[in-house]
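The block underneath contains the structure these notes are about, expressed in structure tokens.
The values are calculated or read from the model by the stated rules, or taken from the named source; none is laboratory data. Since the structure is predicted, the reported quantities are computational estimates derived from the model, not experimental observations. Neighbour counts are summed over all protein chains in view; Cβ atoms, including those assigned to glycine, are modelled from backbone coordinates with ideal geometry. Protein only, heavy atoms only, side chains kept; ligands, DNA and RNA dropped before computing areas. Shrake-Rupley method; radii C 1.70, N 1.55, O 1.52, S 1.80 Å.
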Amino acid sequence: FEAARPDQGGQADMTALALLDVGTDRVPVELQGQPWLQAELYRVLAVVNHALSRLEESSRLYELALATNDSIVGRDPAEVLHQRAGILTDYGTILHDLVELERATEMQRASIRAYETSGIADSTEIAHALNLRGVNLQAQGLLEESVAPTERSLRLNEEYGPPDDPDVPWGWGSLGYINYQLGHIDEALVQFEHAVELSREIFPGDHYDLAHHLNNLGGMYHRIGRLEEAEPVLIENLA
């Protein structure tokens, strides 16, 4: 925000996007000789750009974060690898949105390896990477391969996540969707019902997550001809 000061060459009415870009340009200058902090800030800036749908800029920043992480010396190697794993996980989400699915899958595979090598084999962080790997495999039509990482992600979130973790019903819903696509209708129905049940406990009122799981469950009831059960679920979802 200092960049907006007129005596620093800025303008009083600079937009948030302009400030973001100025901040990005200043990282290598202001944090020269501090590659750990540079990599952290590049990652944060990449996340913000992703949220603003600036996918190409976000991708560029993740590349900078990875390159900067590579240059870190004199720090605990496990810490450096842990940082790299997080960057790889986030970068995979951008590649997924850019429909570079094979690269996204490889990025998540590398992220999982990095977490495991850094000594973090059991955590919600690696669960997130595993879930994203499952999503990318699904998107490529590799349904059978997507089951194992999705199941492992769910188990880790159940064990290590906070109470009322919304990632748990999402995990059940993801498994339900995979089984639905595989034609395992009975399994999918149980998993969708469980996702809705857990979401009601976590979100007692209106919430996007609950609507998402209601949509899946209502669609499943409709698909198998249980129309009287589908209708109230889909009406609730719409509301």
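Would you be able to say whether some residue in the stretch 48-61 is surrounded by 22 or more Cβ atoms within 10 Å (Cβ to Cβ), of a type in the set (Ser, Thr, Tyr) and modelled with pLDDT of 95 or more? Let's see the steps before the verdict.
Going residue by residue through the stretch 48-61, those that are surrounded by 22 or more Cβ atoms within 10 Å (Cβ to Cβ) are 49, 58, 61.
Now drop any that are not of a type in the set (Ser, Thr, Tyr), which leaves 58.
The next check asks that each one be modelled with pLDDT of 95 or more; those that pass are none.
For the stretch 48-61, residues surrounded by 22 or more Cβ atoms within 10 Å (Cβ to Cβ), of a type in the set (Ser, Thr, Tyr) and modelled with pLDDT of 95 or more: absent.
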> So, in the stretch 179-193, of the ones that are acidic (Asp, Glu) and over 10 Å from residue 220 (Cβ atoms), which residue ends up nearest to the chain's Cα centre (by Cα)?
Replying inline: 187
>> What pairs come out if I take residues in the stretch 209-238 that are free of Cβ contacts under 8 Å to residues at least 24 places away in the same chain and pair them with residues that are in a helix (DSSP H, G or I) and open to solvent by 80 Å² or more (accessible area, probe 1.4 Å) whose C-beta lies under 7 Å away, six or more apart or interchain?
In response: 210/200; 230/222
